[in-house]
Amino acid sequence: DCGDSIRNTYEQMAGGPWDLPRTSLILTNQQLGNGQFGQVKKGFVRMRGTKIPVAIKSLKENASEKDKRDFLNELTILKQVGKHPNVVCLVGACHIQGVMYVAMEYAKHGDLRTFLRKSRKLRQHDYGNCGASPFVSKTMLLRFALNTSQGLRHLADKQIIHRDVAARNVLLGDHLVAKIADFGLSKNDETYVKTSSTRVPIRWMAVESLFNNTYTTQSDVWSFGVVLWEIFTLGGTPYSSTDTQQLFNLLKDGYRLKRPRLCDQNAYAMMLQCWNEIPERRPTFPELCGRLQRMLEDCQ
Ligand code: ADE
C-alpha cells in the first residue's frame, strides 16, 4: 500500500535535517511551470523570522502508483544531491493530513527553454562572433551552458544519472544562474537499464538509451549536447520535423542536429562530441566545464 509508503518515507525523515515543522510551511495557489512538473506551487517556508520562497510539490495518498514512485524517487535523490549552486536543492518536507509536501529552492526566472523563447521576441538583430545583443548575449548563453554543466558535474560526482536533461528542466534563479532540476526520473546507479515502458524524452536520448535502454552519466552527456543545441537555437525543438521512427533511423545512420546559426564552430564541435555514438568517446562533465569556462573567458 502506497499510502503507507508515503507515511514510511516521511517517518524516516521525521526529526532529521529535512523535516519541516508543519507550521513553517505556507502554501499558495500559484501554480509554477505550466504543469509540466506535475503539481508544483509557489509557497514560503518560515525560517528564523523571515519567509523564504520555495517551490512545493505535493503528493496525495490516493495518487497513482507511478506518481508516487516518481515523487518518492525524486525525494530520495534530492537528499543525496546535497547543496550546489547549479542544482535546485531540497529545503525540506512535511506531511499534513495525508498529503506529503516537498519544498525546494524557488528559481524566480522560471525554466531555461521558456526564457530563451521569450528572448527571441526581444531580439532586435542578430549578433556575430562575440558581438552583443541587447538581451541575450553570447556570454549569457555560454554562462547558461557552463552553469548547467557544473550542476551535472556535481550529479556525476554523486553517481546520480539524471535521465531527463533538457532545457525545460533547467531553472533560472537569482542573477539568472542556471540550475538543474526535476529528478523524477533520476537514478543512483552506475548503469541503469530501464525495464518497464514509461514515457521517455526521445529527442534528448542517447543512442544507447534509445536502442538498448541503457543510461549512464555519458548518456546524460549526450542530452547535455542537446541542451547546448537548445541554448544556441534560443529554445528550439530538436528534430522538430522528424517523427519517432524517422529519428531512430536518422540517428542510426549517423545523422545529427545541424549547427544553429548563433553557434560558432567551436561550440558546435562540442555538441557533435557529446553525440558520439560511443559513450566513452564523449567528453566528460569535468572536461565540458573546463572548455566552456575557457570559451566564456575568450568572450569577455
Ligand atoms: N517550477 C518547477 N519547479 C520550480 C522551482 N523550483 N522554482 C521555480 N519554478 C519552478
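The values are calculated or read from the model by the stated rules, or taken from the named source; none is laboratory data. Computed from a prediction, not measured in an experiment: that's the story for all the values here. Methodologically, a virtual Cβ is constructed for each residue, glycine included, from the backbone with ideal geometry; neighbour enumeration extends over all protein chains shown. Note: accessible area is taken over every heavy atom of the protein model, side chains too, but ligands, DNA and RNA are not part of it. Shrake-Rupley method; radii C 1.70, N 1.55, O 1.52, S 1.80 Å.
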Debye intensity ratio in log₁₀ form over the Cα atoms of the chain, taken at each q of 0.07, 0.09, 0.14 Å⁻¹: -0.28, -0.46, -1.07
Entries of LYS79/LYS179; LYS57/LYS79; LYS42/LYS118 with Cα pairs more than 18 Å apart: LYS42/LYS118
Nearby aspartates and glutamates by direct alpha-carbon distance to LYS83 (threshold 18 angstrom, same-chain neighbours under 8 apart not counted): ASP19, GLU74, GLU105, ASP157, ASP174, ASP182
Residue order for LYS66, LYS179, LYS51 - accessible surface, 1.4 angstrom probe, largest first: LYS51, LYS66, LYS179
Radius of gyration and maximum dimension Dmax of segment 69-116, Cα, Å: 12.7, 40
Kirkwood estimate for segment 144-283, i.e. one over the average of 1/r between Cα atoms, Å: 15.3
Spatial separation of Cα centroids for segment 169-246 and segment 39-78, in angstrom: 23
Packing-based ranking, highest mean first, of 18-31, 258-271 given that Cβ atoms within 10 Å are counted: 258-271, 18-31
Most to least packed among 135-146, 213-224 [average Cβ atoms within 10 Å]: 213-224, 135-146
Residue-normalised accessible area of the chain, given per residue in Å² at a 1.4 Å probe: 48
Over the chain, relative contact order from alpha-carbon pairs under 8 Å, at least 6 apart, %: 16
Vicinal HN-Hα couplings computed from phi for segment 66-79 (Karplus, 6.51 cos²θ - 1.76 cosθ + 1.60; Hz; Gly/Pro x): 5, 4, 5, 4, 4, 5, 5, 4, 4, 5, 4, 5, 4, 5
Set of aspartates and glutamates near LYS252 by C-alpha distance (under 16 Å), chain-local residues within fewer than 8 positions excluded: GLU208, ASP243, GLU277
